[in-house]
1. Work out, step by step, the length gained on full extension between N85 and I12: first 0.36 nm times the residue separation, then minus their alpha carbon distance; give nm to one decimal.
2. Separation between the S68 and E94 pseudo-spin-labels, each 7 Å from Cα along Cα→Cβ, expressed in nm?
3. Of the listed peptides 81-91, 39-49, what is their order by residue-averaged count of other C-beta atoms within 10 Å, with the highest listed first?
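No lab work stands behind these numbers, since they all come straight from the coordinates. Source: prediction; values computed, not measured. Because the Cβ atoms are built from the backbone with ideal geometry, glycine has one as well, and the counts that use them run over all protein chains shown.
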Amino acid sequence: MLQKEDAIQLEITDEMIDEALTHALQMSFLDNLRNRAPFVQFDSKLRGYLGEIAMKKLILESGVSIVSVDSSDGSGEDIDMCIENDYINNIRLEIKTSCIPDI
C-alpha cells in the first residue's frame, strides 16, 4: 500500500505554468461530472494541464517513451497517456491531477 512517504514532489517551472495557462485558455471545457462555478472549472482545468505537463517531464526524464497523448480506444475511455520502454508495452495512464471536492 502506498504511504504518504512514497509521494514525490514534481518540479513546476514558470514555463510549465505559462504552457498550461495558454492551453487552458484555448480549450473549451465540458464539465460533465458536476455543476461547478466557471472559475472553479477553469482552476480544475488549469491544474489538470499543469499536472500532465509535469508528469510528462518526469516520465521522459525516466527513460520511458510517451506513445500517445489524449487519445481514446473507441469505447469512450479517456486515455491521458500511453507509455512504453524496454520492459513495458503500451501502458495506458489516466492522470488525476485536477479533482477537487464539491463545495
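1. Full extension from N85 to I12 adds 23.8 nm.
2. Rounded to a tenth, the inter-label distance reads 1.6 nm.
3. 39-49, 81-91
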